[in-house]
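The values are calculated or read from the model by the stated rules, or taken from the named source; none is laboratory data. What you see is a predicted model; the values in this text were computed from it and never measured. We place every Cβ from the backbone using ideal geometry, glycine too, and count neighbours over all the protein chains shown.
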Amino acid sequence: MDRSKIQLSAEEIKLVNNSAWILTKQAIIQKVCLLFGDLSEQLQVEWAQQHFTLSTPSPKISKGELYESLPWVVLDYPRIFSKEDVFAVRCFFWWANYFSITLHLKGKYRAMFAGNLPGIHLLTNDDWFVSTKGDEFSFNLSAGEYQPVDGTKGQVEMQGAFLKMTKRIPLEDWDRVADIMLEVFQQWMQSAAVI
């Protein structure tokens with residue numbers, strides 16, 4: 001065994017002797033889970049107010065350490081996933097990157113709902129992305145599956161087996177992220193009167 005590959009650098013030695021940074025990281029992840037727990041209650045109220053005939057399982061919050069090597073937290077609600085059909089809204093926190101909220105449609109839900117969405121041409125800032133091809137469960141907005149949306153800069157590809165519309169929210173907007181996500185969710189649900 002080449003022991004040089006398992007030796008720690010001076011910076012790694014400093015970190016392994018410092019519990020504060022890992023405890024702070026754990027506290028931040030816990031706060032994201034609490035934020036998403038509160039948001040899930042608001043999303044359920046909004047869903048109920050829309051009087052949808054479509055039933056959905058309860059919200060689900062998941063977390064992990066290694067989405068492209070970084071910690072993450074996800075809130076899924078509504079969450080209807082099958083091989084052919086998907087109707088889901090995913091709120092996502094990705095350490096050192098961003099928050100995002102994604103509407104994910106596939107199959108019959110894409111056919112029913114996508115035509116009622118607000119026009120892509122109205123999304124005129126760098127915080128909106130669309131994905132219709134590639135890995136439908138990729139949430140890395142800089143991956144090749146996503147096209148940034150800017151209503152003044154050309155056509156966005158809307159054809160494909162699925163449609164994901166995503167709003168990116170900078171981590172610096174922590175204090176407003178739940179309000180932003182709720183507002184986006186409300187806009188989407190008001191467009192979803194067909195379900």
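The residue that is surrounded by the most Cβ atoms within 10 Å (Cβ to Cβ), counting only those in region 32-87 that are aromatic (F, W, Y), under 17 Å from F185 (Cβ atoms) and without any contact (Cβ under 8 Å) to a residue 60 or more places away in the chain, is F36.
K5 meets the conditions (1) out of contact with any strand residue (DSSP E or B) (no Cβ under 9 Å at 6 or more places or on another chain); (2) within 27 Å of F93 (Cβ to Cβ) in every case but one. The failed one is (2).
Pick out, from region 118-195, the strands (runs of 3 or more DSSP E) lying fully within it that include 3 or more residues that are surrounded by fewer than 20 Cβ atoms within 10 Å (Cβ to Cβ) and at pLDDT 90 or above. Please lay out each step first, then the result.
Working: elements: 128-131, 146-148, 162-169.
No strands (runs of 3 or more DSSP E) qualify here.
Taking the residues in region 55-75 that are assigned to a strand (DSSP E or B) and not aliphatic (A, V, I, L, M) as candidates, determine which candidate is nearest to A143 (Cα to Cα). Result: Y67.
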